[in-house]
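Worksheet: one structure, shown below.
Computed from the coordinates by the stated procedures, all read-outs in this text should not be read as laboratory data. These numbers were taken from a predicted model, which means no experiment stands behind them. Glycine gets a Cβ as well: all are built from the backbone with ideal geometry, and neighbour counts include every protein chain shown.
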Amino acid sequence: MTTTVAAPPREGGSGRGIRRGEALAGWVFTLPVILILGIFLLAPVLMALWVSFSDWSGRGSPLSANVRFVGLDNYASITTGGGLPTRDFGISLRNNAWYVLLVVPLQTALSLFLAMLVNRAILRGRGIFRTAFYFPSVTSSVAITVLWLFLFSATGVVNEVLSWIGINGPNWFQDPNGIVHNALAAFGVTTGPPALTENDFLGLSWWNWLAGPSVAMTAFIIMAVFTTSGTFMLLFIAALQNLSGDVQEAAMVDGANAWQRFWRVTLPQLRPTLFTVLTLGLIGCWQVFDQIYTGTQGGPGKTTLTPAYLSYSSAFLGQDWGQGAAIAFILFAIIVVFTLFQRWALRERPVSRRRARQYQPSQPKEAKR
């Protein structure tokens with residue numbers, strides 16, 4: 001019986017040629033997408049970046065010889081100029097920061113709760129509940145905003161329901177007062193200490209920064225939580241269905257109750273999905289525009305003004321294209337910073353030595369001589 005031994009492949013043989021051919025075929029297939037993204041995404045972004053450093057007036061090409069490079073003047077006018085652009089930018093950041101601070105945790109917690117509820121095997125008609133919870137996410141945001149204006153009007157359904165329990169509802173979209181200031185006023189606190197009222201940032205005192213979202217912005221916060229929780233619920237459901245039940249059973253055998261199993265077993269396994277949900281929610285909240293444009297256009301008293309809408313109004317309404325582009329890129333930087341912070345906060349951490357010792361089997365003591 002003879003044994004056949006395969007000869008080793010020659011250097012520069014057909015294997016390397018096949019790999020080169022596969023790489024070339026990959027570039028050929030992806031080239032149309034690369035060209036489309038480059039023409040319709042990368043090129044406009046680079047042009048907008050140039051506009052943020054120029055004095056383009058919106059007439060003609062931003063690359064013409066009449067357009068001058070002004071450096072960081074557009075960025076300085078909205079951050080350190082001290083005039084109306086700086087104050088408007090500070091107001092928009094204050095409004096959007098409170099919007100993010102309330103919407104992102106609420107929509108994440110609600111979507112996770114709905115996913116845990118719908119994912120239960122004992123629940124009948126789970127498909128109906130999934131569709132009902134997800135339906136607001138596929139509805140036009142403009143249509144929902146118009147509906148919200150009707151529901152939260154002074155004589156709307158929300159105030160009518162509140163009157164049944166003896167609460168006189170506010171004129172939601174016409175009330176510029178911050179909810180934190182309203183809560184403090186109920187206890188007789190109407191002005192802040194000098195440390196908060198005499199110091200400011202971006203043309204806005206720290207007392208106004210801590211005013212909380214206005215009553216009008218609160219209605220938008222409720223709408224955002226209502227319309228986005230269904231989408232993130234589906235992400236959590238997909239993650240929950242991929243979890244192994246062995247770890248849960250082991251935790252039950254060890255005597256862990258339902259809350260301990262959720263906090264110690266389920267939630268750590270959902271960390272990648274949690275990062276995705278938080279990142280998407282953060283990006284969407286900082287870019288809120290269509291609800292403001294359809295609903296209040298920044299009113300009342302600029303308390304629903306957001307950086308995205310301010311960028312639009314500065315460029316398309318005020319014809320100050322440089323400042324509008326600068327606001328957009330500052331907003332982009334804010335989103336990147338918060339995303340990196342979330343990635344750092346949700347990273348996998350090594351187990352400390354003290355905790356690792358708790359899981360090590362105890363060594364038997366040496367027998368006495």
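Quick notes on this structure:
- Considering only F329, A345, V277, and ranking their Cα positions along the charge dipole of the chain that arises from unit charges at the beta-carbon of Lys, Arg, Asp and Glu, the one farthest toward the positive end is A345.
- For the chain, built as a Gaussian network whose Cα springs stay under 10 Å, the top-fluctuating residue of G298, G255, G156: G255
- The residue among A183, Q287, L117 whose Cα reaches farthest toward the positive pole of the charge dipole of the chain, with charges on the beta-carbon of Lys, Arg, Asp and Glu, is L117.
- Simple point charges give the picture: +1 on the Cβ of Lys and Arg, -1 on the Cβ of Asp and Glu, and for the range 75-347 a dipole about the Cα centre of about 680 debye.
- Least to most buried among F133, F187 (fewest other Cβ within 10 Å first): F187, F133
- Report summary: the helix-based calculation at 222 nm, which adds -39500 (n - 2.57) for every DSSP H run with n ≥ 4 and divides by the residues of the chain, gives -19000 deg cm²/dmol.
- Helices that extend 30 Å or more along their long axis by alpha-carbon positions and average at least 1.6 on the Kyte-Doolittle scale are, among the DSSP H runs of the chain, 215-241.
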